[in-house]
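Structure first, commentary second.
We did not get these values from a lab; they are worked out from the coordinates using the rules stated. Just so it is clear, the model here is predicted, and its values are computed rather than measured. Please note: Cβ atoms are built from the backbone with ideal geometry, for glycine as well, and neighbour counts cover all protein chains shown.
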Amino acid sequence: MEILTQPFGVQATSYTLINDHGVALSVTDFGARIVSLRVPLATGERELVLGFDSAEEYQQKDTFIGATIGRVAGRIAGAHWAHDGVDYQFEANENDNTLHSGVIGFDQRYWQAAPQVTATEARVVFAYVSEDGENGFPGQVTVNVTYALANDNVWRLTYEAVTDTPTLFNPTNHVYFNLTGDPSQSVAAHQLKIAADTFAPIGDKNLTTGEIRSVAGTSFDFRAAKPVGTTIESTDDQHQRVGHGLDHPFLLQDTQGAPQAELLSPDGLVRVAMTTTAPAVVVFTGNFGTDFTLPMRQSQLKKHGGITLETQAVPGAERFAQYGDIVLTPASPYQQVTEFKLDF
Ligand code: G6D
């Protein structure tokens, strides 16, 4: 196990965690983000996630890719939250709503990094203090996000947070997988399996509606593995944005430790199996416009060139009790653990 430390642009640093099987996970303090995850195949090394080569590239092109998102991931309708007689105002950075906590969210912050190597894993603990009032949210929140790469080829993400005042807290990680290694290839031919009997439909402006709907008989039924493309290309009337792609929260079953989501590369050489303590996963298939293209590494990111597995509570939980409780209080610290087991 080792960790290589390198500059990642002018101000940022990257940490590459390498296990004894040659798996390499690179993360940066800019946004406590994953920038690369490489596995050694017989055919050569393969990159499994979208990313750029410096903090400046993220700033110029897309700050969410691979980043820690918070304090609240997803959309807050109307960019406000009424709690205990106070109406907290947030930044309306998408339509009239708040997306991913505003323009300068956790993804844009520089985090304190503490790299550590043990006999069985390499890890980096990223720490950040979100001051009272930051992005309009009440309370000072102290956050740790730990990226660990273990010798059993598990990449584990741990979130821990404490607050001094009740506040909203529902972070996630915005990793995009493309298991072909090429962001110009659509993820449509990836096989996806999700242990979810229900999903949250999305309505106007991509907001959740409060509904929890059965996946049975819809294109959202991933209880048996099937190509992602069957939903991307769906004309199913259950799908509010026909032909557009996935951007939906799935409510996860308790599988007693078995994978809750699995992604398999089109050539069958790489599998990612996810388990999480979070109640839901938001799956977003990079639903950018048909003409969308963005230079990325030696290629071009295209529409549907990545798929996220964003573990969190269902967005909209601050409005809809049926989505769970995302109010963090001083009495009960936050913890979430998500694991991605790599088979190759
Ligand atoms: C999240 O659900 C959202 C998408 O709608 C958004 O476009 C993306 O982040 C940047 O996955």
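Shown is the FRET efficiency for Glu45 and Lys226, computed with R0 = 25 Å from the Cβ-Cβ distance and rounded to the nearest 0.05: 0.30. Could you please state, rounded to a whole Å, how far the C-alpha centre of segment 242-308 is from the C-alpha centre of segment 165-235? So the two Cα centres are separated by 7 Å.
Near Val154, once Lys and Arg are set to +1 and Asp and Glu to -1 for all other residues with Cβ below 11 Å from its Cβ, the sum equals -2. Computed extension gain for Thr218 through Asp204, at 0.36 nm per residue and net of the alpha carbon distance, reaches 3.1 nm.
Packing, taken as the mean count of other beta carbons within 10 Å per residue, orders the peptides 142-154, 34-46 from highest to lowest as 142-154, 34-46.
Between Gln256 and Ala331, what FRET efficiency comes out of the Förster formula 1/(1 + (r/R0)^6) with R0 = 25 Å and r the beta carbon distance, rounded to 0.05? Step by step, r from the Cβ atoms, then E = 0.30.
A simple count of charges around Ala258, restricted to other residues whose Cβ falls under 13 Å of its Cβ and scoring Lys, Arg +1 and Asp, Glu -1, yields 0. Taking Cβ atoms as reference points and 13 Å as the exclusive limit, the residues near Phe169 contribute a net charge of -4, counting Lys and Arg as +1 and Asp and Glu as -1. Label 7 Å along Cα→Cβ of Asn151; segment 4-33 residues with amide nitrogen under 14 Å? Answer for segment 4-33: 18-23. Helical runs assigned H by DSSP (4 residues or longer) give the chain a calculated mean residue ellipticity at 222 nm of -500 deg cm²/dmol, each run adding -39500 (n - 2.57) before division by the residue total.
Compare Ser219, Ser14, Ser332 in a GNM of the chain, Cα atoms joined below 10 Å, and give the one with the largest fluctuation. So, out of Ser219, Ser14, Ser332, the one fluctuating most is Ser332.
What the Cβ-Cβ distance of Leu294 and Ala189 gives, at R0 = 25 Å and to the nearest 0.05, is a FRET efficiency of 0.75.
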